[in-house]
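The values are calculated or read from the model by the stated rules, or taken from the named source; none is laboratory data. Predicted model only: the values in this text are computed from it and were never measured. Ideal geometry is used to build each Cβ from the backbone, glycine not excepted, and the neighbour counts take in all protein chains shown. Side chains are part of the model used for accessible areas, which takes the heavy atoms of the whole protein and leaves out ligands, DNA and RNA. Shrake-Rupley method; radii C 1.70, N 1.55, O 1.52, S 1.80 Å.
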Amino acid sequence: MALLDWINEATGVVVKGQGVTLRPPRIADYEPWAALRQQSHAYLQPWEPTWPEDDLTRPAFRRRLSIYTREMEAGHACPFFIFADADQSLVGAITLSNVRRGVAEAGTLGYWIGRPVAGRGYATAAARAVVAHAFDDLKLHRVEAACVPTNQASRRVLEKSGFALEGQARAYLKINGAWADHLLFGVVNEGSGRRG
């Protein structure tokens, strides 16, 4: 069965970035993931949807992997855990989701970095690597991202990764229990060609 193979074996795309390695999560990652998320709860919660009560449990993690598997097999998402090359420790996660083909050829980038390692450049390195993967390997034309206007760290990551501010959307996503405005960013693969 593909799901069991994927969550137990070292399979899937591996993407290298400056000082980071990105690979799909697997069941063996549960304990370091849960520990990092728990340590980072207060740091991350202002910028994320409200966590379900069972979010850090092993069954919830298995459900998460099952969703990732379906989305990967459908070609709709590329979920990655971010590992620091220096010590192979888990430092966060990044996902290219909502991949749309046809006239859009686009996807949406989302990421988080654990509090103990925030500010060390891991998110920027991972974002650059995923954008390169999206353009070079997946042949996407555009990658989009959004952040809450007060999330200066996330905004810096996007700007350092080549994203341009394109606008603001009112009540765009429900964050920490309330609808929040978001700044909208995008980066275009200039080499993907244009037809007039």
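List of remarks:
- Gain on full extension, evaluated as 0.36 nm per residue between Lys160 and Asn98 minus their Cα-Cα distance, stands at 20.1 nm.
- Mean residue ellipticity (222 nm) of the chain, computed from DSSP H runs ≥ 4 via -39,500 (n - 2.57), nearest 500: -9500 deg cm²/dmol
- Heavy-atom accessible surface of the stretch 52-163: percent carbon and sulfur, 1.4 Å: 51 percent
- Length-normalised contact order of the stretch 1-110 in % [C-alpha pairs under 8 Å, at least 6 apart]: 23 percent
- Pairwise Cα distances in the chain exceed 32 Å in 11 percent of cases.
- Selection from Phe61, Gly92, Met72, by position along the positive dipole direction of the stretch 53-196 (Cβ): Met72
- Pair Lys139, Leu184: separation of 7 Å Cα→Cβ label points (nm): 2.7 nm
- Per residue, in Å², the accessible surface of the stretch 84-196 once ligands and nucleic acids are set aside, probe 1.4 Å: 52 Å²
- Relative to the Cα centre, the charge distribution of the chain, modelled as +1 at Lys and Arg Cβ and -1 at Asp and Glu Cβ, gives a dipole magnitude of about 340 debye.
- Counting 0.36 nm for each residue step from His76 to Asp55 and taking away their Cα separation leaves a gain of 5.3 nm.
- One Cα centroid belongs to the stretch 45-103, the other to the stretch 106-156; the line between them spans 13 Å.
- The GNM of the chain, with springs linking C-alpha atoms under 10 angstrom apart, assigns the highest mean-square fluctuation among Ala106, Ala169, Ala123 to Ala169.
- Residues of the stretch 124-151 with amide N under 18 Å of the 7 Å Cα→Cβ point at Gln168: 145-151
- Near Tyr172, the amide H atoms lying under 5 Å from its own belong to Ala180, Asp181, His182; only residues 5 or more places off or on other chains count, and H is placed 1.01 Å from N.
- J(HN,Hα) series, the stretch 50-66, from Karplus relation 6.51 cos²θ - 1.76 cosθ + 1.60, nearest Hz, glycine and proline x: 4, 6, x, 4, 9, 3, 9, 7, 4, x, 5, 5, 4, 4, 4, 5, 4
- Highest average first, the peptides 107-116, 59-68, 14-23 ordered by how many other beta carbon atoms sit within 10 Å of their residues are 107-116, 14-23, 59-68.
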